[in-house]
Amino acid sequence: MSANRTASETVRAVRLRGARRARLIVAGLAIALVALFAGSLAFGDPVYSPADVWRVLTGQFVPGASFIVGELRLPRSVLAVVAGACFGLAGVTFQTMLRNPLASPDIIGITNGANAAALFAIVVLGASGLVVSLGAVVAGVATAALIYALASSGAAVGARLILVGIGIAAMLNSVTAYLLVYANEFDLQRAMRWLNGSLNLATWDGVALVAVPFVVLAPALLLLSRRLSLLRLGEDLAAGLGVPIEPTRRLLVLVAVGLAAFATAATGPILFVAFMAGPIATRLVGHRGSPMVPSALVGALLVLAADLLGQYAFGTRYPVGVVTGALGAPFLIYLLIRTQRTGGSL
Amino acid sequence: MTTTLEAIVGDAVKTRRPPWWLLLGLLALVAAVFLSVAFGARVVSLGEVWTALTTDSESVTSAAVRSRVPRTILAIVVGAALAVAGVVLQAVTRNPLADPFILGINSGASLLVVIGIAFFGAATMPLYIVFALAGAALAAVFVYAVGSLGVGGPTPLKLALAGAITTAAFTSLSSAILLPRIDVMRVFRFWQVGSVGRAENSDTLLVLPILLVGTVICALSARSLNILALGDEAAAGLGVHVTRVRLGAAGGAIILCGAATALAGPIGFVGLIVPHLCRQLVGADHRWLLPMSAIAGATLLTLADVVGRVLGRPDEIDVGVVTALIGAPVFLWVVLRRSGSRA
Amino acid sequence: MTTTLTTEALTLGYGDRTIVSDLSLSLPAGKITTIVGANACGKSTLLRGMARLLTPAHGRVLLDGHDIHSMPTKQVARRLGLLPQSPIAPEGITVTELVAQGRHPHRRTFARWTAAEDEIIADALEATGVLDLADRVVDELSGGQRQRVWIALALAQQTEVLLLDEPTTFLDVCHQVEVLDLLTDLNRSRGTTIAMVLHDLNLAARYADHLVAVREGTVHAQGTAEEVLTEHHVAAVFGLDARIIEDPTTGRPMVLPLGRHHVRGLRDVSPVNRGNHHDAGKVSPAS
């Protein structure tokens with residue numbers, strides 16, 4: 001019995017060791033996010049003191065700051081955080097479910113559907129605002145449904161989801177490119193602004209468009225996260241452990257696509273956030289426990305930081321999506337080097 | 001791999017009569033060329049086409065026909081190049097989904113051309129070609145490296161994903177460069193969709209020698225590619241220098257892709273559809289598959305251009321869009337047909 | 001231990017292709033059943049069907065008389081475990097965490113981890129001899145160690161019935177015996193009903209209380225190893241001419257494939273003369 005006691009203490013110790021570290025890092029990420037958020041409100045032209053920012057946030061009137069911080073910077077930063085969290089969650093869900101770190105929703109067709117629809121609305125219908133956003137949401141979900149329907153018969157669904165998604169994405173991308181070529185000068189600028197993912201037009205309406213779904217869908221995803229981590233063991237084993245595979249996968253796809261589609265509708269595609277958030281979060285907290293919360297935090301941090309960089313770091317003001325997009329290639333190289341060195345699977 | 005093996009064994013059993021298919025392909029190409037010069041905003045008859053091409057007639061019809069000649073030539077050249085490149089890439093990576101577009105090789109060519117225009121003031125075809133070739137090679141190496149990550153080496157799934165993600169990364173790098181340079185963007189946005197509509201015979205002529213070099217390299221690898229289909233170890237056992245053949249053949253394919261992209265911009269799926277179609281017709285022997293694919297690729301791209309002109313009247317739909325709309329379903333078909341095997 | 005797993009006229013397939021047809025089988029409770037058959041005869045499909053991974057086209061799988069497809073899947077998972085062929089461990093996961101996943105069917109969504117569960121996991125690690133690997137990362141283990149970790153996961157699931165699809169693939173002969181001994185220990189000490197697909201006829205015979213030979217999607221023969229491993233049955237199921245002798249160490253039957261060469265007194269047997277079973281071509285004799 002005493003031997004058994006030490007054995008179960010070993011187990012407990014191993015289990016907790018990772019959990020404690022993960023909790024510390026999540027706390028660190030949260031603090032960094034709050035700090036960056038505060039910084040994004042104070043920094044810019046003009047720079048406000050933390051005291052002024054605080055007064056605006058608590059509802060007091062500060063000449064100048066009340067408008068610039070309260071009406072311009074605050075919705076922008078809130079939108080950055082919420083959209084970033086959505087992209088991070090959607091990305092890590094797909095990557096975990098499909099057991100492939102490259103399989104993020106902006107690569108396998110879902111965002112591409114939203115893009116093509118938004119461009120169609122802008123260039124062909126001359127639409128703007130809410131019509132474009134809703135068109136993007138509907139098209140994103142419809143694209144995902146089409147991919148899922150095509151891929152989900154028979155065995156090896158995961159692999160086929162990815163491949164079918166790539167095929168559909170390639171087709172939609174040519175449609176997008178075609179629409180760009182034939183856009184007139186004015187629509188072209190609006191289309192490019194959409195395609196590059198931008199927070200320039202952040203309003204409280206835009207925040208609501210993504211915050212409301214986030215409040216509903218993110219908790220749903222957290223509820224599913226234990227089943228998701230079992231899916232990592234492979235479908236057969238997960239099924240053997242009592243996970244209803246098909247319903248779980250459908251729910252996961254639905255929730256993740258919803259998050260990605262609404263976020264895309266509010267900001268345009270902020271490329272590679274969904275792709276990078278999960279691996280970065282896993283690298284920080286290790287493979288123990290659920291990657292959900294850390295990925296959401298990393299996503300939010302990425303978007304917020306990229307937006308600040310895009311606004312102030314270069315001569316020109318770059319939209320946030322261009323900054324994150326430009327990180328894509330270096331990030332791939334980093335993955336390459338790390339995998340070469342550790343010899344582990346991707 | 002097993003399918004290729006079966007195909008080779010199958011060939012020995014039933015004769016597929018490749019010469020006849022080749023002849024039929026040539027006839028189809030001639031028909032496609034005729035359609036290409038006859039169709040467009042103004043449709044002309046067979047007789048008028050003949051008059052226009054053989055005399056100095058100054059009529060509007062003749063002018064219309066003659067204006068369609070450069071794009072027809074370009075479609076033939078680019079279609080053949082992309083199809084041959086597709087065959088070789090599929091053989092070298094032993095991957096039925098390999099295509100210059102899916103593998104992101106086009107996007108590498110595009111990126112470096114943007115860099116060339118934006119930072120090096122490149123404005124002439126020879127410079128475009130240099131940058132496009134360098135970009136194609138860069139992207140090919142990059143995608144292959146990313147696709148080989150992790151357990152199991154470069155599976156079709158991983159290569160396709162690596163291609164998609166590299167395309168996305170390179171494309172966004174391009175737009176980061178383009179965004180503050182409105183003037184470059186105006187020129188370049190026409191480059192983002194493949195088209196043969198802006199063809200100039202002088203450009204085509206300039207690139208032709210490079211394409212020939214690529215084609216010769218691919219043609220010389222034909223026999224080795226047959227043996228490579230048996231697997232690396234078996235091929236080495238049969239006396240093939242696996243690495244040398246791979247690098248050589250892939251180099252030829254990259255030259256073809258880069259040069260074709262320099263001429264016509266990114267055109268997807270020709271390199272995917274044509275090899276699959278031709279394998280059904282002439283079998284998996286590359287000595288027949290390569291010429292058959294060249295002819296079929298030329299035919300396909302010429303026809304796709306005609307379709308784009310007819311459907312888009314009075315304007316036109318770029319051939320790159322047409323091939324994507326035809327090609328993506330074929331891609332899906334290939335993916336779904338392999339459903340039993342784990343990709 | 002009285003849990004029984006039976007199939008009733010079970011027909012399974014993928015799409016239009018029927019792999020297992022009209023198969024009725026009962027796993028003896030508290031015993032080890034091994035399932036053998038030629039490649040592609042449907043033995044793995046049968047196992048997947050019994051573990052409810054495939055929905056039957058016809059027929060039923062009954063766990064203590066209840067159709068497993070009408071029971072909640074978590075409830076089935078508390079009583080029926082499955083170890084698929086060559087499962088893949090997620091990157092970076094530790095042995096303890098992997099084995100802890102076996103507790104899933106017993107846990108509620110918001111339940112906190114309890115000391116009792118740590119003990120169950122510790123037991124599983126100890127029984128499979130991997131306790132000293134508890135904080136190692138699974139990717140880094142050797143094949144034999146990894147297989148024991150997977151079995152520990154199945155143990156932590158604490159099911160009365162355990163199905164295993166070729167638990168010895170990719171293991172060398174020493175580790176094969178080790179894994180099968182381990183499973184036998186489990187069966188003897190916990191009374192777990194075990195059914196496994198095995199490739200190696202001699203190992204199957206040695207470790208089986210009950211041996212099932214599957215041919216073309218149906219049960220060709222079942223019973224004790226002595227009853228099933230006869231020259232007649234081996235010829236019919238594998239298309240293999242073989243002699244059966246008694247294993248001097250265990251007393252169980254042992255299969256000696258004849259082949260066309262190196263057989264004393266049978267030199268120069270021409271292919272035509274050596275039994276003409278229609279599927280002789282696709283047979284790979286057990287090692």
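The values are calculated or read from the model by the stated rules, or taken from the named source; none is laboratory data. Quick caveat, the model's predicted, so the values are computed rather than measured. Cβ: placed from backbone, ideal geometry, glycine included. Neighbour counts: every protein chain shown.
Would you mention how many residues in the range C:1-24 are at pLDDT 90 or above and under 21 Å from C:Leu180 (Cβ atoms)?
Residues flagged as at pLDDT 90 or above and under 21 Å from C:Leu180 (Cβ atoms) within the range C:1-24 amount to 1.
Restricted to the range A:114-126, and to residues that are crowded, with 24+ Cβ neighbours inside 10 Å and within 13 Å of chain B (Cβ to nearest Cβ), which residue is farthest from the chain's Cα centre (by Cα)?
It comes out as A:Leu119.
Regarding the range B:106-129, can at least one residue be identified that is at positive phi and more than 13 Å from every other protein chain (Cβ to nearest Cβ)?
Of the residues in the range B:106-129, the ones at positive phi are B:121.
Checking which are more than 13 Å from every other protein chain (Cβ to nearest Cβ) leaves us with B:121.
Checking the range B:106-129: at least one residue is at positive phi and more than 13 Å from every other protein chain (Cβ to nearest Cβ).
Counting only residues that are of a type in the set (A, V, I, L, M, F, W, C) and at the interface with chain A (Cβ under 7 Å from one of its Cβ atoms), which one in the range B:318-334 is nearest to the chain's Cα centre (by Cα)?
Start the filter on the range B:318-334 by keeping residues that are of a type in the set (A, V, I, L, M, F, W, C), which leaves B:319, B:321-322, B:324-326, B:328, B:330-334.
Going one step further and asking which of them are at the interface with chain A (Cβ under 7 Å from one of its Cβ atoms), we end up with B:321, B:324-325, B:328, B:331-332.
Working: B:Val321: 14, B:Ala324: 12, B:Leu325: 15, B:Ala328: 14, B:Phe331: 15, B:Leu332: 18 Å.
Only one residue fits best here, namely B:Ala324.
How many residues does the range B:28-49 contain that are surrounded by 12 or more Cβ atoms within 10 Å (Cβ to Cβ) and not in a loop (DSSP other than H, G, I, E, B)?
12
Which members of the range A:89-110 meet the condition of being more than 8 Å from chain B (Cβ to nearest Cβ) and not in a helix (DSSP H, G or I)?
Here is the first cut: in the range A:89-110, the ones more than 8 Å from chain B (Cβ to nearest Cβ) are A:89-99, A:101, A:104-105, A:109-110.
Selection gives A:Leu98, A:Arg99, A:Pro101, A:Ser104, A:Pro105, A:Gly109.
Out of (1) charged (D, E, K, R); (2) at pLDDT 90 or above; (3) over 15 Å from the mean Cα position of the chain (by Cα), the odd one out for B:Arg309 is which?
Looking at each condition in turn, B:Arg309 falls short on (2).
Hey, can you tell me all the residues within the range A:287-331 that are modelled with pLDDT under 85, under 30 Å from C:Arg136 (Cβ atoms) and not charged (D, E, K, R)?
Those that are modelled with pLDDT under 85, under 30 Å from C:Arg136 (Cβ atoms) and not charged (D, E, K, R): A:His287, A:Gly289, A:Ser290.
Considering (1) within 14 Å of another protein chain (Cβ to nearest Cβ); (2) in contact with a helix residue (DSSP H, G or I) (Cβ under 6 Å, 6 or more places away or on another chain); (3) within 16 Å of A:Ile107 (Cβ to Cβ); (4) assigned to a helix (DSSP H, G or I), say which one A:Val257 fails and leave the rest.
(1)
Only one of B:Ser148, B:Ser195 is touching an Asp or Glu at 6+ places or on another chain (Cβ under 7 Å) and within 11 Å of another protein chain (Cβ to nearest Cβ); which? It would help to see each step written out before you state the result.
Values: B:Ser148 fails: touching an Asp or Glu at 6+ places or on another chain (Cβ under 7 Å).
Step by step, each of B:Ser148, B:Ser195 is checked, and only B:Ser195 is touching an Asp or Glu at 6+ places or on another chain (Cβ under 7 Å) and within 11 Å of another protein chain (Cβ to nearest Cβ).
Which pairs do you get when a residue that is more than 8 Å from every other protein chain (Cβ to nearest Cβ), found in the range A:227-238, comes within reach of a residue that is assigned to a loop (DSSP other than H, G, I, E, B), reach meaning Cβ atoms under 6 angstrom, with the pair 6+ apart or on two chains?
Going by the 6 Å Cβ cut-off, the qualifying pairs are A:Arg227/A:Val243.
B:Arg337 fails exactly one of the following numbered conditions: (1) at the interface with another protein chain (Cβ under 9 Å from one of its Cβ atoms); (2) surrounded by fewer than 24 Cβ atoms within 10 Å (Cβ to Cβ). What is the number of that condition?
Single failed check for B:Arg337: (1).
If you take the residues in the range C:48-96 that are within 7 Å of chain A (Cβ to nearest Cβ) and over 19 Å from the mean Cα position of the chain (by Cα), which one is surrounded by the fewest Cβ atoms within 10 Å (Cβ to Cβ)?
Result: C:Lys74.
If you check A:Val26 against the conditions, is it surrounded by 13 or more Cβ atoms within 10 Å (Cβ to Cβ) and either among the small types (Gly, Ala, Ser) or part of a helix (DSSP H, G or I) (or both)? Working first, answer last.
Details: surrounded by 13 or more Cβ atoms within 10 Å (Cβ to Cβ): yes; either among the small types (Gly, Ala, Ser) or part of a helix (DSSP H, G or I) (or both): yes.
Spelling it out, A:Val26 is indeed surrounded by 13 or more Cβ atoms within 10 Å (Cβ to Cβ) and either among the small types (Gly, Ala, Ser) or part of a helix (DSSP H, G or I) (or both).
Residues of the range C:108-120 being under 26 Å from A:Pro247 (Cβ atoms) and either facing another protein chain (nearest Cβ under 8 Å) or aromatic (Phe, Trp, Tyr) (or both), which ones?
Passing the criteria: C:Thr109, C:Phe110, C:Trp113.
I need a count of the residues in the range C:151-177 that are free of Cβ contacts under 8 Å to residues at least 40 places away in the same chain, in a helix (DSSP H, G or I) and either more than 16 Å from C:Ala205 (Cα to Cα) or among the polar types (S, T, N, Q) (or both). Steps first, answer last, please.
In the first step, residues of the range C:151-177 are kept if they are free of Cβ contacts under 8 Å to residues at least 40 places away in the same chain; the result is C:168, C:171-177.
With in a helix (DSSP H, G or I) added as a condition, the list becomes C:173-177.
Right, trim to either more than 16 Å from C:Ala205 (Cα to Cα) or among the polar types (S, T, N, Q) (or both) and you get C:174-176.
Of the residues in that region, 3 qualify.
Suppose the filter is closer than 22 Å to A:Ile107 by Cα, in contact (Cβ under 8 Å) with a residue 12 or more places away in the chain and either within 12 Å of another protein chain (Cβ to nearest Cβ) or not in a helix (DSSP H, G or I) (or both); does A:Ala202 pass it? Don't jump to the end; show me each part of the working.
Numbers: closer than 22 Å to A:Ile107 by Cα: no; in contact (Cβ under 8 Å) with a residue 12 or more places away in the chain: yes; either within 12 Å of another protein chain (Cβ to nearest Cβ) or not in a helix (DSSP H, G or I) (or both): yes.
So A:Ala202 fails the test.
Which condition from (1) in a helix (DSSP H, G or I); (2) farther than 21 Å from B:Leu325 by Cα; (3) modelled with pLDDT under 85 is the one that B:Gly239 breaks?
(1)
Within the range B:88-100, how many residues turn out to be touching a Leu at 6+ places or on another chain (Cβ under 6 Å) and at pLDDT 90 or above?
Qualifying residue count for the region: 1.
Go through the range C:126-136 and give me each residue that's closer than 20 Å to A:Leu233 by Cα and at the interface with chain A (Cβ under 7 Å from one of its Cβ atoms). It would help to see each step written out before you state the result.
Just the residues of the range C:126-136 that are closer than 20 Å to A:Leu233 by Cα, to begin with: C:128, C:130, C:133-136.
Passing the criteria: C:Ala134, C:Asp135.
In the range B:187-196, is there at least one residue being over 15 Å from B:Ser110 (Cβ atoms) and of a type in the set (Lys, Arg)?
Quick first cut of the range B:187-196, residues over 15 Å from B:Ser110 (Cβ atoms) only: B:196.
Filter once more, keeping what is of a type in the set (Lys, Arg): none.
No, that holds for no residue.
Inspect the range C:235-257 for any residue being buried (at least 17 other Cβ atoms within 10 Å of the Cβ), at pLDDT 90 or above, closer than 22 Å to C:Thr6 by Cα and basic (Lys, Arg) and give the result as yes or no.
Checked the range C:235-257: no residue is buried (at least 17 other Cβ atoms within 10 Å of the Cβ), at pLDDT 90 or above, closer than 22 Å to C:Thr6 by Cα and basic (Lys, Arg).
Test C:Ser21 against the stated conditions and say whether it is touching a residue at least 24 places away in the same chain (Cβ under 8 Å), facing another protein chain (nearest Cβ under 10 Å) and surrounded by fewer than 19 Cβ atoms within 10 Å (Cβ to Cβ). Before you say what the answer is, go through the steps one by one.
On the way: touching a residue at least 24 places away in the same chain (Cβ under 8 Å): yes; facing another protein chain (nearest Cβ under 10 Å): no; surrounded by fewer than 19 Cβ atoms within 10 Å (Cβ to Cβ): yes.
Answer is no for this residue.
What tally of residues in the range B:156-184 results from selecting those that are facing chain A (nearest Cβ under 7 Å) and assigned to a loop (DSSP other than H, G, I, E, B)?
Adding up the residues that qualify gives 2.
Quick one: which residue in C:Ala122, C:Ala100, C:Ala195 is part of a strand (DSSP E or B) and surrounded by 17 or more Cβ atoms within 10 Å (Cβ to Cβ)? Spell out the reasoning first.
Values: C:Ala122 fails: part of a strand (DSSP E or B); C:Ala100 fails: part of a strand (DSSP E or B).
Going through C:Ala122, C:Ala100, C:Ala195 in turn, the sole match is C:Ala195.
Which is within 14 Å of the chain's Cα centre (by Cα) and either of a type outside the set (Asp, Glu) or in a helix (DSSP H, G or I) (or both), of A:Ala51, A:Ala80, A:Ala35? Reasoning before the result, please.
Numbers: A:Ala51 fails: within 14 Å of the chain's Cα centre (by Cα); A:Ala35 fails: within 14 Å of the chain's Cα centre (by Cα).
Being within 14 Å of the chain's Cα centre (by Cα) and either of a type outside the set (Asp, Glu) or in a helix (DSSP H, G or I) (or both) holds for just one of A:Ala51, A:Ala80, A:Ala35, which is A:Ala80.
Taking the residues in the range A:311-333 that are more than 26 Å from B:Leu138 (Cβ to Cβ) and among the small types (Gly, Ala, Ser) as candidates, determine which candidate is farthest from the other protein chains (Cβ to nearest Cβ).
If we take residues in the range A:311-333 being more than 26 Å from B:Leu138 (Cβ to Cβ) and among the small types (Gly, Ala, Ser), then A:Ala313 is farthest from the other protein chains (Cβ to nearest Cβ).
Which condition from (1) under 28 Å from A:Leu304 (Cα atoms); (2) among the β-branched types (Val, Ile, Thr); (3) within 14 Å of chain C (Cβ to nearest Cβ) is the one that A:Val243 breaks?
Failing condition for A:Val243: (1).
Cβ contacts < 8 Å: first residue within 7 Å of chain B (Cβ to nearest Cβ), restricted to the range A:160-184; second residue surrounded by fewer than 24 Cβ atoms within 10 Å (Cβ to Cβ) and not hydrophobic (A, V, I, L, M, F, W, C), any location; separation 6+ or different chain. Result?
That search, which allows pairs on different chains as well, returns A:Arg160/A:Ser152; A:Arg160/B:Ser339; A:Ile162/A:Asn100; A:Leu163/B:Pro156; A:Leu180/B:Arg189; A:Val181/B:Arg189.
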